[in-house]
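Chemist: Quick one: the structure is below, and I'll ask about it shortly.
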Amino acid sequence: MPNKTVCLLSGGMDSTTLLYHLVNEGDDVLAISFDYGQRHGKELEYAAKTCEKLKVNHRICNIGGVGAFLQGNALTSKDIEVPEGHYEDESMRLTVVPNRNMILMSIAGGYAVSQACNRLAIAVHAGDHAVYPDCRPVFVGYFEKALQVGNYEPISVYTPFLKWRKTKIAKLGQRLGINYEEETWSCYKGGEEPCGKCGTCIERMEALKRIGQK
Ligand SMILES: [Zn+2]
């Protein structure tokens, strides 16, 4: 029996690579994306396009109203500018949406249980750890425990990139045939073109340069 997996898909590099990886592994995959009122909502169009290409069932869960309760950061507060600089800079803490992964993973976990999935896949990676506490291994471990004790059904949390750097993820994606420029969106500012200056733009450019896609 193949794994039946819900994949949290933002439309960025990491989760798109994870989706390709799951499909390549032969999982029966359901993708879920969230509209939480993020400034870079255009990432959702990329998520939808990728699912269409891979023929993966895709649902977008609209929790835009929740964004109003998660203010004080540059991704959901219109009056706070997206900081520029490296991902690991202190200033990037302005991009931490309070408790975001707990909320998104919690809904995705409920979706996975309701669809009789045996796992929930999330593309957190080592580059996230410095800035985002809810991407660290300790959080993922506790979350998995909570999901397991809070439900009757056996379910695991699958995070194959947890200890990977971005370049390793990009290399895997390249092997799986991903054209990152065309198929993914990262920039937090969500403008016409990527700004090239925010943390996620810089991290993305560094990784793509290393694999020769830029
Ligand atoms: Zn940017």
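Chemist: Cα-based Rg of the chain per 2.2 N^0.38 Å, rounded to two decimals?
Modeler: 0.96
Chemist: Say each of Leu54 and Asn3 gets a label point 7 Å from the Cα, pointing the same way as Cα to Cβ; how far apart are those two points in nm?
Modeler: 1.2
Chemist: On to the next question. Tell me, what % of the accessible area of the range 104-214 is carbon and sulfur with a 1.4 angstrom probe? Working shown, then result.
Modeler: Numbers: 2830 of 5300 Å².
Ligands and nucleic acids excluded, carbon and sulfur reach 53 percent.
Chemist: At 1.4 Å probe size, with every protein chain present, just tell me what the per residue accessible area of the chain comes to in Å².
Modeler: Value returned for the chain: 48 Å² of accessible area per residue.
Chemist: Along the positive direction of the dipole of the chain (beta-carbon charges: Lys, Arg +1; Asp, Glu -1; about the Cα centre), which of Cys187, Ala207, Gly41 reaches farthest?
Modeler: With unit charges placed on the Cβ atoms, the residue in question is Ala207.
Chemist: Over the range 40-157, what portion of Cα pair distances is larger than 23 Å, expressed as a whole percent?
Modeler: Of all Cα-Cα pairs in the range 40-157, 41 percent lie more than 23 Å apart.
Chemist: Could you derive backbone 3J(HN,Hα) for the range 159-174 from the dihedral phi with the Karplus parameters 6.51, -1.76 and 1.60 (θ = phi - 60°), listing whole Hz in sequence and x where the residue is Gly or Pro?
Modeler: 10, x, 9, 3, 10, 8, 8, 4, 5, 5, 5, 4, 5, 4, x, 4
Chemist: Would you work out what percent of the accessible area of the range 15-76, with all protein chains in place, is carbon or sulfur (probe 1.4 Å)?
Modeler: 48
Chemist: Quick one: 3J(HN,Hα) in Hz for the range 192-202, Karplus 6.51/-1.76/1.60 with θ = phi - 60°, rounded, Gly and Pro as x.
Modeler: 4, 10, x, 6, x, 10, 7, x, 6, 5, 5
Chemist: Sticking with this one: Can you quote the Å³ per residue value for the convex hull of the Cα atoms in the range 1-98, rounded to an integer?
Modeler: Roughly 113 Å³ of hull volume per residue.
Chemist: Here is a further query. Amide H neighbours of Tyr158 under 5 Å, at least 5 residues apart or on other chains, H built in the peptide plane: list them.
Modeler: Amide H neighbours of Tyr158: Leu120, Ala121, Ile122.
Chemist: I'd like the Karplus ³J(HN,Hα) series for the range 63-80: coefficients 6.51, -1.76, 1.60, θ = phi - 60°, whole numbers in Hz, and an x wherever there's a Gly or Pro.
Modeler: Here the 3J(HN,Hα) series is 10, x, x, 5, x, 5, 9, 10, 9, x, 9, 6, 8, 10, 9, 5, 8, 10 Hz.
Chemist: Hey, which of these cross-link pairs are over 32 Å Cα-Cα: Lys53/Lys171; Lys49/Lys163; Lys53/Lys145?
Modeler: Pairs exceeding the cut-off: Lys53/Lys145.
Chemist: Which one of Ala146, His21, Gln115 has its Cα pushed farthest toward the positive end of the charge dipole of the chain, where Lys and Arg give +1 and Asp and Glu give -1 at the Cβ?
Modeler: Ranked along the dipole, the leading option is His21.
Chemist: On to the next question. For the range 155-202 and the range 38-117, what is the separation of their C-alpha centers, rounded to whole Å?
Modeler: The two parts, judged by their Cα centres, are 14 Å apart.
Chemist: Sticking with this structure for a sec: Multiply the residue gap between Arg165 and Lys145 by 0.36 nm, knock off their C-alpha separation, and tell me the result in nm, one decimal place.
Modeler: Result for the pair: 4.7 nm of gain on full extension.
The values are calculated or read from the model by the stated rules, or taken from the named source; none is laboratory data. Keep in mind the model is a prediction, meaning the values are calculated, not measured. Positions of Cβ are generated from backbone atoms using ideal geometry, with glycine treated the same way; all protein chains shown enter the neighbour counts. What goes into the accessible areas is simple: the full protein's heavy atoms, side chains included, and nothing from ligands, DNA or RNA. Shrake-Rupley method; radii C 1.70, N 1.55, O 1.52, S 1.80 Å.
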